Amino acid sequence: MLIGIAPCISPELLSVLHRMGHGDELVLADAFFPGDAFNARVVRADGIRIPELLDGILALINLDSYGRVRRAGLSGGDRPALAGHAQNRPGRALRLL
């Protein structure tokens, strides 16, 4: 049994995170994002909000501390989605498309 893994992290997502390395990117998107058009590997997390999923992921992996932080999408108004998550974790770069 694994302890300390958020319930929102599925076995399939845990496997993907395990295989990730330096420079790999992870896209967290809503159901309307055409993931299959960008990559053959798509892990769905239906019914889980992105901030909750992101918190679960960040508890498990170390992010590259270099590189440019990229975000796309809007979360109401003109504020970039997840901006607070990347800024509130010093020394970590969040690479999202």
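Each reported figure results from applying straightforward, stated rules to the coordinates on display, with no laboratory input. All values derive from a computational prediction rather than experimental measurement. Here the Cβ positions follow ideal geometry from the backbone for every residue, glycine too, while neighbour counts run over all protein chains shown.
The Cβ shell under 15 Å around ILE48 holds other residues with a net charge of -3, Lys and Arg each +1, Asp and Glu each -1.
The GluC sites (Glu not before Pro) of segment 4-53 meeting both criteria, a DSSP state outside H, G, I, E and B (loop) and at most 16 other C-beta atoms within 10 angstrom of the site's C-beta, are GLU25. Taking the fewest neighbouring Cβ atoms within 10 Å as the starting point, the ordered list for PHE32, PHE38 is PHE32, PHE38.
If you take all other residues with their beta carbon under 13 Å from the beta carbon of PHE32, and give Lys and Arg +1 and Asp and Glu -1, the sum is -2.
The Cβ shell under 14 Å around HIS18 holds other residues with a net charge of 0, Lys and Arg each +1, Asp and Glu each -1.
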